[in-house]
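Quick notes on the structure that follows.
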Amino acid sequence: DGGITQSPKYLFRKEGQNVTLSCEQNLNHDAMYWYRQDPGQGLRLIYYSQIVNDFQKGDIAEGYSVSREKKESFPLTVTSAQKNPTAFYLCASRHETGYTGELFFGEGSRLTVL
Amino acid sequence: KNQVEQSPQSLIILEGKNCTLQCNYTVSPFSNLRWYKQDTGRGPVSLTIMTFSENTKSNGRYTATLDADTKQSSLHITASQLSDSASYICVVLYSGGGADGLTFGKGTHLIIQP
């Protein structure tokens, strides 16, 4: 079935460690996104990519890094520089024609810093 | 500044009752508005899209309305079911905004009680 797969579902990190969240899609979508969701807040854009080997910072990119080496994959690294990384992270993709396309989300990854 | 405000923040109703969720936006110029349903601990899923020329659109027991003049949208749920318990997120795309042109509301958390 076509869709977006995020892993792991749950992740625990010690302070000072980098962690990488995986996001894979088989929808043949051009654009991929990473959002952060905190309780009582709307989704906030971390990074997005419209094409392989190219990506742009979103509203809250500090402390995060991404890569887009393949169309299907858009991993997110939460670095030790991110001061408050505990959150629910959502990956999404969209077919970019006309920018009106629906966002398709993965099931999310919940990161907890111990 | 583009903003999307949703109300109420949370809502509890009895199974079988109807309810209406509100979304007010200041996004300009407007392209389209989507309602997403997000089950707890999962990724959002699109329910419906409203474009500038549409006033009403139904998807089963969900009916969305749009008043582009007052910049308001509503999502009406008829004969609620326990499976309707979720957060409902209003997302507005502004025209020409490109890949990052989405503004998210904080969502309405709906609980259906038996």
Open item on the list: Taking 8 Å as the Cα distance limit and 6 or more residues as the minimum spacing, I'd like the relative contact order of region A:1-106 as a percentage.
Closed with: 31 percent
TODO: Please work out how much length the chain gains when fully extended from residue A:83 to residue A:28, using 0.36 nm per residue of separation minus the C-alpha to C-alpha distance, in nm with one decimal.
DONE: 16.4 nm
Task: Percent antiparallel among DSSP beta bridges (both partners in chain A, rounded to 5) - done: 90 percent
TODO: Using a Gaussian network model of chain A whose springs link C-alpha atoms within less than 10 Å, name the residue from A:40, A:101, A:16 with the highest mean-square fluctuation.
DONE: A:40
Open item on the list: Among B:81-94, A:46-59, how do they line up by average Cβ neighbours within 10 Å per residue, starting with the highest?
Closed with: B:81-94, A:46-59
Open item on the list: Only four residue types carry charge here, +1 at the Cβ of Lys and Arg and -1 at the Cβ of Asp and Glu. Report the dipole size of the protein assembly as shown about the Cα centre in Debye, rounded to the nearest 20.
Closed with: 420 debye
Open item on the list: Considering all projection directions equally, how large on average is the shadow of the alpha-carbon convex hull of region B:35-114, in square nanometres?
Closed with: 6.0 nm²
- [ ] Give the order of B:100, B:67 when sorted by the count of other beta carbons within 10 angstrom, beginning with the fewest.
- [x] B:67, B:100
- [ ] Sticking with the crude label model, points 7 Å out along Cα→Cβ, report the distance from residue B:70 to residue B:2 in nm, one decimal please.
- [x] 2.4 nm
Open item on the list: Using a 7 Å offset from the Cα along the Cα-to-Cβ direction at both residue A:69 and residue B:95, what is the distance between the two label points in nm, to one decimal?
Closed with: 4.2 nm
Task: Backbone HN-Hα couplings from phi across region A:85-95 [Karplus 6.51/-1.76/1.60, Hz, Gly and Pro as x] - done: x, 5, 5, 9, 10, 10, 9, 9, 9, 7, 7
Open item on the list: Please compute, for peptide A:34-41, the average count of beta-carbon atoms on other protein chains lying within 10 Å of each residue's beta-carbon.
Closed with: 3
Open item on the list: Through the Karplus equation 6.51 cos²θ - 1.76 cosθ + 1.60, θ set to phi - 60°, convert the phi angles of region B:108-114 into ³J(HN,Hα) values in whole Hz; use x for Gly and Pro.
Closed with: 10, 8, 9, 10, 9, 9, x
Task: Cβ neighbours within 10 Å from other chains - mean over B:37-44 - done: 5
Task: region B:1-75-region A:1-68 distance, computed between alpha-carbon centres (Å) - done: 25 Å
TODO: Go through B:1/B:106; A:14/A:71; B:71/B:106; A:57/B:1 and tell me which ones have a Cα-Cα distance over 22 Å in this structure.
DONE: A:14/A:71
TODO: Please work through chain B and write down the cysteines that have no neighbouring cysteine Cβ at a distance under 4.7 Å.
DONE: B:19
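No value in this document is a laboratory result; all are computed from the given coordinates. Predicted model only: the values in this text are computed from it and were never measured. Counting neighbours? That spans all protein chains shown, and the Cβs are built from the backbone with ideal geometry, glycine included.
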